[in-house]
């Protein structure tokens, strides 16, 4: 009778015994690190869904067709603009809405391409130059000799809300002076309000404000032409 091994039968010749190798477990610190990274990734996705990235701002400008003033006798001199100013909060690019209860709302998404004072001054320079109200019109800082100077102060440039109605509002003062001797010869307070708008949308607000600046330009040009006709006013430099 053949003896057998206590631990089992001897493997047959030609058969290779295979051993199963299991991977060693990951260190607990690495497991915790991977778990935190996965949670952070999932959390960032959830936060992005709840708080999506803000859209870039949309910019609007003042634009209207040029309408020259009817000036029979233009000023035979150069007008140099001084920088226009705007009282706070209209000294920035954000579109602004106001209400009768003195509340002021700034829009971070809808903005003008430039501050209100710059937009108004640039259009008045264009119109007075193209309309030949003065012989020449020079921008601020120009070295061109000028007999006259002009400045402006903007007090309102906003969308005024009153209940369910809203309208564009432009309020400013324009000053014209003679340089030598320095004498103010024209100063006027202009106030304009658009008809009620159909919506508070930025496009309609920009179009309404463009119409108000166009009215300002025409009125200013006509006022200066009338001033030039006054017999007391000097005709040249």
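The values are calculated or read from the model by the stated rules, or taken from the named source; none is laboratory data. The structure displayed is predicted, hence computed values, not measured ones. Counting neighbours? That spans all protein chains shown, and the Cβs are built from the backbone with ideal geometry, glycine included.
Remarks
- The set of residues in segment 126-139 that are in a helix (DSSP H, G or I) and touching a strand residue (DSSP E or B) at 6+ places or on another chain (Cβ under 8 Å) comprises 128, 129.
- Flag if residue 205 is within 19 Å of the chain's Cα centre (by Cα), at pLDDT 95 or above, surrounded by 14 or more Cβ atoms within 10 Å (Cβ to Cβ) and part of a helix (DSSP H, G or I): yes
- Selection of segment 104-121 for residues being within 8 Å of the chain's Cα centre (by Cα) and closer than 17 Å to residue 87 by Cβ yields 112, 114, 115.
- The listed residues are 151, 199, and the only one of them that is in contact (Cβ under 8 Å) with a residue 60 or more places away in the chain and within 25 Å of the chain's Cα centre (by Cα) turns out to be 151.
- Search result, residues across segment 115-124 that are surrounded by fewer than 19 Cβ atoms within 10 Å (Cβ to Cβ) and in contact (Cβ under 8 Å) with a residue 24 or more places away in the chain: 118
- Residue tally, condition more than 26 Å from residue 208 (Cβ to Cβ) and either more than 35 Å from the chain's Cα centre (by Cα) or loosely packed, with under 11 Cβ neighbours inside 10 Å (or both), over segment 63-76: 5
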